[in-house]
Protein chains: 2
Amino acid sequence: MLMTACASTKERNSTGPFVIQQQGSFMVGGTTSSEPGKFDLTNALKPQGQTFHGDHAYAFYQIPPKARKYPLVFLHGAAESKKTWESTPDGREGFQTIFLRRGFGVYLLDQPRRGEAGKSTVTATSTPTPDEQFWFTQFRIGNYPNYFDGSQFPKDTASLEQFFRQMTPNTGAFDANVVSNACSRLFDRIGEGILITHSQGGGIGWFTAIKNPNVKAVIAYEPFSSFVFPAGELPNPIQSASLFGELKGVEIPVEDFNKLTKIPIIIYYGDNIAKEPTTVWNKDHWRAGLEMAKIWAATINKHGGNATVVHLPEIGIKGNTHFPFSDLNNLQIADLMAKFLKEKKLD
Amino acid sequence: MLMTACASTKERNSTGPFVIQQQGSFMVGGTTSSEPGKFDLTNALKPQGQTFHGDHAYAFYQIPPKARKYPLVFLHGAAESKKTWESTPDGREGFQTIFLRRGFGVYLLDQPRRGEAGKSTVTATSTPTPDEQFWFTQFRIGNYPNYFDGSQFPKDTASLEQFFRQMTPNTGAFDANVVSNACSRLFDRIGEGILITHSQGGGIGWFTAIKNPNVKAVIAYEPFSSFVFPAGELPNPIQSASLFGELKGVEIPVEDFNKLTKIPIIIYYGDNIAKEPTTVWNKDHWRAGLEMAKIWAATINKHGGNATVVHLPEIGIKGNTHFPFSDLNNLQIADLMAKFLKEKKLD
């Protein structure tokens, strides 16, 4: 059984050639502002009469021949870019190429005010801040400098360096409405598809699905914050040793909430999350997230929806960090996602 | 003759499938700083003992099967990202995919402090600035709001919007040494290859080729500023109506300059550049650039080098903007580049 699984994983992890029908990139969504007055060609650095386009998302897409029905749209989390879904820190293929090989059209987004979509309608200052040992710990690679036992993060220093360097700052404050507007505009442009989110992107996933019926399913890896509840059904905040404090839900109109009950939703969390409240802040941060996710899924299902929370260690998959899709076992994680799509007849 | 050319262009612009052997992305180069002290796991937001990795470049690469000997490394210019080389503003294939289809390995860079490589070791503030009509004019699409007669920029509003949105701010001041260090580290990693630059990236091209003998040729589209000359051979600054003022060369040690005489270099400029000094600032800005490029190439060749300046209208190619590689005739521009590589036995 184990050997069969390994062989099949190896086969899927082909390093051989693959075919692309079409690839490219574009900007989508955003706003335009104009400075009053008339543009003066002889005084062209004056703002009068000039425009500023900002707050769009950037998308890089690749479509294989005879692509499956629904393309996959991938949205990164806080302090990350579309790099999240490309090569892993140790240089293996990420979900971008894994799912392209499996016949899906793949769109990778940089959200507004991040990465290639840096033109922001609000001013921002980015300052070099020594905080990488915090992120190592917050993202549950381990309790710095120690890796968790059996961690699925590669333990060589070059991989850790790649991981630290792939973070990238905001060029404008995170704004869930701005980001979900751009994501919704993407689904206007490409039509029906599946939205896959990570971390802070989780909330954007719910808001985008509320805004756009072209979102046929949401797959969320380790969402945190912005769990939305119908007015009057907000759960109590979850107390936590998290450095970000207690975790609250977000109240929205029930008509909006109900839109989330029309599509399949699956949420995955990795390992080393506390089962009971603890003072170990990283494990407790994610305990709060996982608990809130379970309350949230139960609320979705109570309203007739179809939401599932998968805590990976409970199905025997151990050692995953906050980035299961780029961990050492990411082909196994991809298999789970493919299985979900198949079960929901979305592949 | 014309029909033959058209047919062959169409053939090359296949929209059919193509094969990729390998693709992925990584961060390269950069520096690491550490805050003195010891990381305190129980006080993990304090900087003591934490690190900051910054000033790396980001590279996205695609390698076709049986790739040609030298991969092509593409570096964008000011206020741009690797998007420069991807889909054109009107959605046609850019040089990324055109040259991939022609069998070259392709690396697209985001320079340090830009795009996916946003982690900067210096603080920066980005402010939304209405300046797009200036850039339209500076980049010789036309004299806003008029397009130049026969402009190779698509004239629909959606394309112009894409063009404006693809600009993206710095997350740290432009520093030619920081950028060329990261580019040189890329050539350490990938080995020998061809460096293709745009605009402000031109200077980075010279500095990278000086730093790294793995750069086997430099192809520069509309370089401006940072033309390097041997100590004692600096030409007089070129006066210009450019909004950036007079154009000066940069003095470097002759030993460094001589390294640029060991490789083929080709420089391309588009159309609507003044032949004589004029008060039309955009046309005069690029007149200064083109004149300096010619002085520079002559200096390279006087020292035994192999540099060529191609002013596209002089070989009958009209209407090109500051972005010839994404203009409507970009397949013709690609053909020229391919011809150069073939002539120099670099393909």
### Task
Evaluate the range A:230-250: report whether one residue or more is free of Cβ contacts under 8 Å to residues at least 40 places away in the same chain, surrounded by 23 or more Cβ atoms within 10 Å (Cβ to Cβ) and of a type in the set (Gly, Ala, Ser).
no
If we keep only residues of the range B:50-63 that are at the interface with chain A (Cβ under 7 Å from one of its Cβ atoms) and part of a loop (DSSP other than H, G, I, E, B), then the residue surrounded by the fewest Cβ atoms within 10 Å (Cβ to Cβ) is B:Gln50
Only one of B:Gln96, B:Gln111 is without any contact (Cβ under 8 Å) to a residue 40 or more places away in the chain and crowded, with 23+ Cβ neighbours inside 10 Å, namely B:Gln96
Of the listed residues (A:Lys345, A:Lys259, A:Lys275), the one being surrounded by fewer than 20 Cβ atoms within 10 Å (Cβ to Cβ), touching a helix residue (DSSP H, G or I) at 6+ places or on another chain (Cβ under 8 Å) and part of a loop (DSSP other than H, G, I, E, B) is A:Lys275
**OP:** Check whether at least one residue in the range B:99-116 is acidic (Asp, Glu) and within 21 Å of B:Pro223 (Cβ to Cβ), and report yes or no.
**Re:** yes
Checked the range A:188-206 for anything outside any loop (DSSP other than H, G, I, E, B) and either among the small types (Gly, Ala, Ser) or surrounded by 23 or more Cβ atoms within 10 Å (Cβ to Cβ) (or both); matches are A:Gly193, A:Ile194, A:Leu195, A:Ile196, A:Thr197, A:His198, A:Gly201, A:Gly202, A:Gly203, A:Ile204, A:Gly205, A:Trp206
Going by the structure shown, is A:Ser180 within 30 Å of A:Ser33 (Cβ to Cβ), more than 10 Å from every other protein chain (Cβ to nearest Cβ) and buried (at least 23 other Cβ atoms within 10 Å of the Cβ)?
yes
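Okay, residues lined up against (1) in contact with a Leu (Cβ under 9 Å, 6 or more places away or on another chain); (2) not in a loop (DSSP other than H, G, I, E, B):
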residue: A:Thr129; (1), (2): no, no
residue: A:Phe134; (1), (2): yes, yes
residue: A:Gly150; (1), (2): no, no
residue: A:Lys155; (1), (2): no, no
residue: A:Ala158; (1), (2): no, yes
residue: A:Gln162; (1), (2): no, yes
residue: A:Thr168; (1), (2): no, no
residue: A:Asn177; (1), (2): no, yes
residue: A:Ser180; (1), (2): no, yes
Of the residues in the range A:185-223, those that are without any contact (Cβ under 8 Å) to a residue 40 or more places away in the chain and of a type in the set (Lys, Arg) number 1
The residue from A:Pro213, A:Pro235 that alone is outside any strand (DSSP E or B) and over 20 Å from the mean Cα position of the chain (by Cα) is A:Pro235
Per the filter on the range A:114-161, residues surrounded by 24 or more Cβ atoms within 10 Å (Cβ to Cβ) and over 27 Å from A:Ser240 (Cβ atoms) are A:Gly115, A:Glu116, A:Ala117, A:Gly118, A:Lys119, A:Ser120
Exactly one of B:Thr208, B:Thr308, B:Thr261 is more than 14 Å from chain A (Cβ to nearest Cβ), in contact with a Cys (Cβ under 8 Å, 6 or more places away or on another chain) and either within 30 Å of B:Leu331 (Cα to Cα) or among the aliphatic types (A, V, I, L, M) (or both), and that one is B:Thr208
Those residues of the range A:120-136 which are at the interface with chain B (Cβ under 8 Å from one of its Cβ atoms) and within 21 Å of the chain's Cα centre (by Cα) amount to A:Ser120, A:Glu132, A:Phe134
Within the range B:64-83, restricting to residues that are under 21 Å from the mean Cα position of the chain (by Cα) and in a loop (DSSP other than H, G, I, E, B), the one that is nearest to the other protein chains (Cβ to nearest Cβ) is B:Ser81
All conditions in (1) of a type in the set (D, E, K, R); (2) under 20 Å from A:His198 (Cα atoms); (3) in contact (Cβ under 8 Å) with a residue 12 or more places away in the chain are true of A:Arg165 except (3)
Exercise. Would you check if there is a residue in the range B:165-172 being touching a strand residue (DSSP E or B) at 6+ places or on another chain (Cβ under 7 Å), facing chain A (nearest Cβ under 9 Å) and either over 29 Å from B:Asn320 (Cβ atoms) or surrounded by fewer than 21 Cβ atoms within 10 Å (Cβ to Cβ) (or both)?
Key: yes
Residue check: is B:Phe139 more than 8 Å from chain A (Cβ to nearest Cβ), under 20 Å from the mean Cα position of the chain (by Cα) and at pLDDT 95 or above? yes
Just a yes or no: is a residue in the range A:17-26 of a type in the set (A, V, I, L, M) and at the interface with chain B (Cβ under 9 Å from one of its Cβ atoms)? yes
Taking the range B:142-164 and keeping only residues that are of a type outside the set (S, T, N, Q) and at the interface with chain A (Cβ under 7 Å from one of its Cβ atoms), one is left with B:Tyr144, B:Glu161, B:Phe164
With criteria (1) more than 9 Å from every other protein chain (Cβ to nearest Cβ); (2) part of a loop (DSSP other than H, G, I, E, B), A:Ile98 comes up short on (2)
Going by what's in this entry, would B:Gly115 be described as at pLDDT below 95 and at the interface with chain A (Cβ under 9 Å from one of its Cβ atoms)? no
So, A:Asp40, is that one more than 7 Å from chain B (Cβ to nearest Cβ), acidic (Asp, Glu) and surrounded by 19 or more Cβ atoms within 10 Å (Cβ to Cβ) or not? no
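The values are calculated or read from the model by the stated rules, or taken from the named source; none is laboratory data. Here the structure is a predicted model, which means the values were calculated and not measured. Cβ: placed from backbone, ideal geometry, glycine included. Neighbour counts: every protein chain shown.
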